[in-house]
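The values are calculated or read from the model by the stated rules, or taken from the named source; none is laboratory data. This is a predicted model, so every value here is computed, not measured. Every residue, glycine as well, gets a Cβ built from its backbone with ideal geometry; the counts of neighbours run over all protein chains shown. The protein model used for the area step is the full one, side chains on, heavy atoms only, and it has no ligands, DNA or RNA in it. Shrake-Rupley method; radii C 1.70, N 1.55, O 1.52, S 1.80 Å.
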Amino acid sequence: MTKTWWKEAVVYQIYPRSFMDSNGDGVGDLAGIASKADYLAELGVTAVWLSPVYASPNADNGYDISDYRAIMSDFGTMADWEDLLAALHGRGIRLVMDLVVNHTSDEHAWFIESRKSKDGPYADYYIWRNGRGGTCEEAPPNDWGSWFSGSAWKYESGRDQWYLHLFAEKQPDLNWENPKVRGEVYDMMRFWLDKGVDGFRMDVINMISKDPALTVYMNGPRIHDFLQEMNREALAGRDLLTVGETPGVDPALASLYVGEDRRELGMVFQFEHMGVDEGKGGKWDVVPWKLTRLKEILGKWQRELDGRGWNSLYLNNHDQPRMVSRFGNDSPQWRVKSAKMLATMLHTMQGTPYIYQGEELGMTNVRFPKLSDYEDIEIRNWSREQLALGRSEAELLKAVHYRGRDNARTPMHWNAGPNAGFTAGKPWLGMNPNYPEINAERAMADPDSVFHYYKRLIALRKEYPILAYGGRFREWMAESEAVYAYGREFEGSRLLTLLNFSDRDQSLGEMASTLAKRGRLLIGNYADGEGTDPESLRPYEARVYLA
Ligand code: GLC
């Protein structure tokens, strides 16, 4: 496996709306992010992934782009963006931009033209079809549902046709079959690359190829052609981080996207482990998750991509609930320990770890009392639909509290002052009320905080290449519902990670404890003086040994 900067990187994801507001309008902005560049440098991350900052009417908080070459006015100006790039580069931090090219906003100039008639120059920029009924308007072209509830089609009287929107109505899907569309996208990518960006995170990139009969939209027939063409046209000859967001991908498919010789993507964000608590009814059908299932999935990805392609490592982002609430224990007693334990897992597997803003503080899910307190379009559409079906607000809130995207989008906690120091105005989304306890200022002053533990993990990654590159993933105690014990090897050394996912002491299997005795403790989330026992793990304990 070749060595590259992006395999060794630790990426920090910023959701700009919620990171830091510099002008008191309640919305985070680019100048706010730049003002925290020292914070990022202190943490030690080596790259930032910026969720979309392009012009947008914000139907989906920037994932609906109306101008790919302009900055959203809420966030500032192009000059602010250039200042941010300089602030990051000046500290040795690279900048990865979000690339949202499965769809645009319906307010994009292309769509404004496209919706007017069937034969203008932009007529084929989007996916238009006739309806199925007696009149075109009667029934949509097929029964695809939108990821944000309801049909994936909207009737447009201007053309007497329907357009496809896999996401919100205001997010029409681009027609990648049209070479002009592809050319525009590559051109836009070169625009940002020439400005100095270091890579792209590609939004739902495995949905860009739909077969002409519209039977599939994930991993469609021309997806690999398109990505290879994108490489030739926009990415080749530059040393970039590329990560594709790819729901519905298993390791076999992933190796086509990230295979070292394929010239497609550097890594993908897979979703299998995000489904461990999902019942048959999908995302909102929450069921208890089992550690054995999580281990099965993560282990499979570790083994099957080893030597073939590169993994990304994440447990949360702007679309997922907070990891300590979902996979750890966010009670006051165990929040810090379990957040560190989960971090240990992410940073000791093969792949590039992604930290979502606030994760390094152990930020938790939020429980707003009313559905109307939520801003996310996915939550709003879904709850409107479900209320109409007769479900109660209390029942829906239960699912939203557990799984809703706004859990991750409440503003970042900087200090214990008003609105956690995020804004001098009224925050665009409610704050998590626990900010007096959980905030950056406090965490930085406390050597035992989650923040300092992340710093140590990141520093270790820079010191020991085995953390990034170690392979030959092996597991012990695979049947345990509490202990996760695994090892990796690299150039004659071995790394052993022992994790306790429960709030009780757990004795280790013979093999794991024997190996632990042979190694040197690299990092752990209990202080040495607390009586480390090679034979067992304390609640939410994490230990990493190097031999
Ligand atoms: C991706 C983004 C998500 C967005 C969706 C549509 O899943 O991460 O935030 O809503 O695509 O762009």
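Condition check ((1) under 29 Å from residue 46 (Cβ atoms); (2) exposed (fewer than 15 other Cβ atoms within 10 Å of the Cβ); (3) in the same structural domain as residue 310 (by TED's automatic domain parsing); (4) at pLDDT below 95) across all residues:
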site: 455; (1), (2), (3), (4): yes, no, no, no
site: 486; (1), (2), (3), (4): yes, no, no, no
site: 491; (1), (2), (3), (4): yes, yes, no, no
site: 504; (1), (2), (3), (4): no, yes, no, no
Seminar exercise, completed: Of the residues in region 9-47, those that are away from the ligand (no atom under 16 Å from the Cβ) and within 21 Å of residue 189 (Cα to Cα) number 2
Exercise. Taking region 62-97 as the region of interest, how many residues are more than 17 Å from residue 172 (Cβ to Cβ), of a type outside the set (Asp, Glu) and open to solvent by less than 50 Å² (accessible area, probe 1.4 Å)?
Worked result: 15
Seminar exercise, completed: Subset of region 224-268, residues crowded, with 22+ Cβ neighbours inside 10 Å and of a type in the set (S, T, N, Q), comes to 242, 246
Problem set entry | Residues located in region 291-336, provided they are charged (D, E, K, R) and closer than 27 Å to residue 489 by Cα | 293, 295, 296, 300, 303, 304, 306, 308
Seminar exercise, completed: Counting only residues that are β-branched (Val, Ile, Thr) and within 16 Å of the ligand (Cβ to nearest atom), region 59-88 contains a total of 1
Seminar exercise, completed: Taking region 365-393 and keeping residues in a loop (DSSP other than H, G, I, E, B) and open to solvent by 10 Å² or more (accessible area, probe 1.4 Å) leaves 365, 367, 368, 369, 370, 375, 389, 390, 391, 392
For this session: Would you mind telling me which numbered condition in (1) touching a Lys or Arg at 6+ places or on another chain (Cβ under 8 Å); (2) under 24 Å from residue 312 (Cα atoms); (3) among the small types (Gly, Ala, Ser) residue 92 fails?
Result: (1)
For this session: Could you check residue 361 against (1) at pLDDT below 95; (2) touching a His at 6+ places or on another chain (Cβ under 7 Å) and say which number it fails?
Result: (1)
Exercise. If you take the residues of region 315-326 that are touching a Ser or Thr at 6+ places or on another chain (Cβ under 8 Å) and in contact (Cβ under 8 Å) with a residue 60 or more places away in the chain, which of them is farthest from the ligand (Cβ to nearest atom)?
Worked result: 325
For this session: Starting from residues that are among the hydroxyl-bearing types (Ser, Thr, Tyr) and within 16 Å of the ligand (Cβ to nearest atom), keep the ones in region 129-149 and report whichever is least open to solvent (accessible area, probe 1.4 Å).
Result: 146
Exercise. Considering region 421-446 alone, what residues qualify as being over 17 Å from residue 335 (Cβ atoms) and either open to solvent by less than 10 Å² (accessible area, probe 1.4 Å) or part of a loop (DSSP other than H, G, I, E, B) (or both)?
Worked result: 422, 423, 424, 425, 426, 427, 428, 429, 430, 431
Problem set entry | Subset of region 517-536 (residues that are under 19 Å from residue 456 (Cβ atoms) and outside any loop (DSSP other than H, G, I, E, B)) | 520, 521, 522, 523, 524, 528, 529, 530
Exercise. How many residues does region 275-329 hold that are buried (at least 19 other Cβ atoms within 10 Å of the Cβ), in a helix (DSSP H, G or I) and among the hydroxyl-bearing types (Ser, Thr, Tyr)?
Worked result: 1
Exercise. What residue, of 52, 16, is open to solvent by less than 10 Å² (accessible area, probe 1.4 Å) and out of contact with any strand residue (DSSP E or B) (no Cβ under 6 Å at 6 or more places or on another chain)?
Worked result: 16
For this session: Considering every residue within region 179-186, establish whether at least one is away from the ligand (no atom under 16 Å from the Cβ), open to solvent by less than 20 Å² (accessible area, probe 1.4 Å) and under 24 Å from the mean Cα position of the chain (by Cα).
Result: yes
For this session: Look at region 458-474 and say how many of its residues are buried (at least 21 other Cβ atoms within 10 Å of the Cβ) and more than 12 Å from residue 349 (Cα to Cα).
Result: 1
For this session: Sort through 387, 371, 397 and tell me the only one that's of a type in the set (A, V, I, L, M, F, W, C) and touching a helix residue (DSSP H, G or I) at 6+ places or on another chain (Cβ under 6 Å).
Result: 371
Exercise. For region 17-119, which helices (runs of 4 or more DSSP H) that fit wholly inside it have 2 or more residues that are within 30 Å of residue 459 (Cβ to Cβ)?
Worked result: 30-35, 37-43, 78-89
Exercise. Hey, among the residues in region 333-364 that are part of a loop (DSSP other than H, G, I, E, B) and closer than 20 Å to residue 524 by Cα, which one's farthest from the ligand (Cβ to nearest atom)?
Worked result: 333
For this session: Hey, could you check region 475-532 for residues that are more than 20 Å from residue 346 (Cα to Cα) and among the β-branched types (Val, Ile, Thr) and say which is nearest to the chain's Cα centre (by Cα)?
Result: 532
